[in-house]
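Single-structure report; data block below.
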Amino acid sequence: MKSFAAVERYFNQAADRLGLDPAIRELMMIPYREIQVQVPVEMDDGTVRPFVGYRVQHNNARGPMKGGLRFHPQVDLDEVRSLAALMTWKCAVVNIPFGGAKGGIAVDPRHLSTKEKERLTRKFVDGIHEVIGPDTDIPAPDMGTNAEVMAWFMNHYARYHGFSPACITGKPVEMYGSPGREEATGRGVGIFTLKLLSRLGRLPSQTTVAIQGFGNVGTHTAEFLRAADCKLVAVSDVTGAYYAPAGLNVRELESHIIKHGSLSGFPKAEHITNEDLLTLEVDVLIPAAIGGVLTEENAGKVKASIIIEAANEPIRPEADDLFEERGILVLPDLLANAGGVTVSYFEWVQNRQIFQWAHNRVRQELDRVLDQAFETIWNRSKDENISLRQACYLVAIERVARAMHLGGIV
Ligand code: NAD
């Protein structure tokens with residue numbers, strides 16, 4: 001099943017349950033706007049390479065649209081469209097005043113120099129600056145992009161529209177970014193993992209964890225869960241997975257990456273494949289890399305009893321059904337990784353006030369928003385005896401439908 005079809009399937013299940021008005025239902029699945037642009041980039045050797053960039057704006061009933069910008073070879077319109085819809089539901093689940101969007105360029109950033117990446121970013125801004133902005137659509141980092149890319153983006157947007165730090169979030173802290181933004185998604189994943197363990201009566205100190213993906217989200221999740229006393233037994237990146245049943249030291253993993261550029265050759269663990277990591281004997285499995293890694297083929301072999309979707313769409317719907325049948329508890333992406341967009345919202349608020357919050361204020365506000373969202377989704381799931389994913393969709397669709405109704409859209 002393609003990416004957008006998967007989102008559509010979950011949406012339809014929830015819409016049926018809610019008896020959603022047919023006109024609202026149809027409008028909710030038609031993106032507000034889709035843009036595809038050519039991104040010609042001059043390479044360091046003087047040649048020009050053409051790339052393709054996308055921005056899909058899904059729904060703005062609840063506010064300006066918000067969503068990451070991904071540099072990854074697998075980016076295509078179908079994937080960006082589904083991720084844009086996910087952002088609409090995610091912002092509604094955590095109840096922040098944004099709609100959803102997503103963007104990306106089909107490129108492997110590891111094969112670009114810093115200057116080439118900068119030119120790519122600036123060319124992309126040339127292509128989309130007219131349809132984005134602080135009150136319209138606000139991009140953020142995602143796979144393959146980071147604070148540096150966001151700073152180039154802000155600088156280039158300003159050439160067209162003047163000083164507008166709120167046009168993008170996830171910027172460096174000393175360049176209108178927010179303290180706590182970089183850690184926010186992983187911190188949120190960690191907070192939710194502890195909440196689930198507590199609801200299930202389990203102790204962190206007796207919990208083993210495997211994390212696929214050791215980038216922004218994976219590293220901060222690992223740091224948070226290690227500090228909470230969980231035992232991290234496996235992590236991975238694009239070079240493979242690293243397994244140590246006695247436990248891994250997060251600092252040592254991070255130092256290895258700083259020194260060698262990846263986890264490749266990490267000496268204090270057994271080297272296994274990314275596929276092996278997914279089926280390890282652990283309590284909690286956290287896919288935090290790419291989409292579609294848990295499928296009909298490998299779902300039957302998963303041994304974890306809890307899966308936290310730190311990445312977007314890591315579980316294919318067929319695998320999701322199997323996990324439900326097998327009683328494996330899945331915390332869906334719509335809630336699990338919403339800490340990032342929540343602090344992006346705080347960054348946007350700070351930018352509009354030209355006032356920076358202290359780090360502990362950001363953490364306090366984040367904890368409050370995530371706590372409320374967790375209670376709402378957990379209770380809905382228990383009250384109606386439905387999965388946490390269906391509970392997320394029900395709550396999100398109701399909130400977006402209400403905004404569409406109040407705004408007189410339908
Ligand atoms: P990142 O680029 O910082 O890290 C990605 C990690 O995944 C790296 O360790 C990379 O080596 C690994 N990886 C890439 N391809 C892989 C493959 N084929 N197999 C195994 N590992 C692979 O990205 P990130 O920001 O940490 O994002 C990770 C996921 O979390 C994405 O799905 C993203 O959409 C989602 N997410 C990120 C944020 C955020 O704030 N950064 C917010 C919400 C959701």
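The values are calculated or read from the model by the stated rules, or taken from the named source; none is laboratory data. Values in this document were obtained by computation on a predicted structure and should not be read as measured data. Cβ atoms come from the backbone with ideal geometry, glycine included; neighbour counts cover every protein chain shown. Surface areas here come from the heavy atoms of the whole protein model, side chains and all, with no ligands, DNA or RNA. Shrake-Rupley method; radii C 1.70, N 1.55, O 1.52, S 1.80 Å.
Annotations for the structure displayed:
- Y160 in contact with a Pro (Cβ under 6 Å, 6 or more places away or on another chain) and open to solvent by 30 Å² or more (accessible area, probe 1.4 Å): no
- Taking region 167-194 as the range and being farther than 18 Å from V217 by Cα and surrounded by fewer than 21 Cβ atoms within 10 Å (Cβ to Cβ) as the test, the residues that pass are E174, M175.
- Check on F346, open to solvent by less than 10 Å² (accessible area, probe 1.4 Å), part of a helix (DSSP H, G or I), at pLDDT 95 or above and more than 16 Å from the ligand (Cβ to nearest atom): no
- Residue list for region 295-310, filter: closer than 24 Å to F224 by Cβ and surrounded by fewer than 24 Cβ atoms within 10 Å (Cβ to Cβ): V302, K303, A304, S305, I306
- The lone criterion from (1) within 16 Å of the ligand (Cβ to nearest atom); (2) closer than 23 Å to R226 by Cα; (3) open to solvent by 10 Å² or more (accessible area, probe 1.4 Å) left unmet by G292 is number (2).
- Figure legend. Inter-residue proximity from region 82-98: first residues closer than 20 Å to Q372 by Cα, second residues open to solvent by 10 Å² or more (accessible area, probe 1.4 Å) and of a type in the set (D, E), beta-carbon distance below 8 Å, spacing 6+ or different chains. Indicated pairs: L86/E313.
A quick yes/no check of all residues on (1) crowded, with 18+ Cβ neighbours inside 10 Å; (2) over 23 Å from V238 (Cβ atoms); (3) in contact with a Phe, Trp or Tyr (Cβ under 6 Å, 6 or more places away or on another chain):
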| position | (1), (2), (3) |
| --- | --- |
| M1 | no, yes, no |
| Q13 | no, yes, no |
| G19 | no, yes, no |
| Q36 | no, yes, yes |
| Y54 | yes, no, no |
| A61 | yes, yes, no |
| K66 | yes, yes, yes |
| L69 | yes, no, no |
| V75 | yes, no, no |
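- Among the residues of region 130-181, those that are part of a helix (DSSP H, G or I) and among the charged types (D, E, K, R) comprise E130, E148, R159, E174, R181.
- T376 vs. criteria under 22 Å from G63 (Cα atoms), at pLDDT 95 or above and open to solvent by 10 Å² or more (accessible area, probe 1.4 Å): yes
- Test for V250: is it away from the ligand (no atom under 12 Å from the Cβ) and aliphatic (A, V, I, L, M): yes
- Qualifying residue in region 220-240 (condition: more than 23 Å from the chain's Cα centre (by Cα) and hydroxyl-bearing (S, T, Y)): no
- Residue match in region 301-309 (condition: among the polar types (S, T, N, Q) and either free of Cβ contacts under 8 Å to residues at least 60 places away in the same chain or closer than 29 Å to F71 by Cα (or both)): yes
- Qualifying positions in region 69-79 - in contact with a Ser or Thr (Cβ under 9 Å, 6 or more places away or on another chain) and either under 16 Å from A166 (Cβ atoms) or without any contact (Cβ under 8 Å) to a residue 40 or more places away in the chain (or both): L69, D76
- Index of the failed condition, D142 passing every other in (1) open to solvent by 20 Å² or more (accessible area, probe 1.4 Å); (2) under 16 Å from F346 (Cβ atoms): (2)
- First in region 248-263 and open to solvent by 20 Å² or more (accessible area, probe 1.4 Å), second anywhere and within 12 Å of the ligand (Cβ to nearest atom) and part of a helix (DSSP H, G or I), Cβ under 7 Å, 6 or more apart: E254/T219
- Looking only at residues of region 145-157 that are without any contact (Cβ under 8 Å) to a residue 40 or more places away in the chain and of a type in the set (F, W, Y), we find that the one that is least open to solvent (accessible area, probe 1.4 Å) is Y157.
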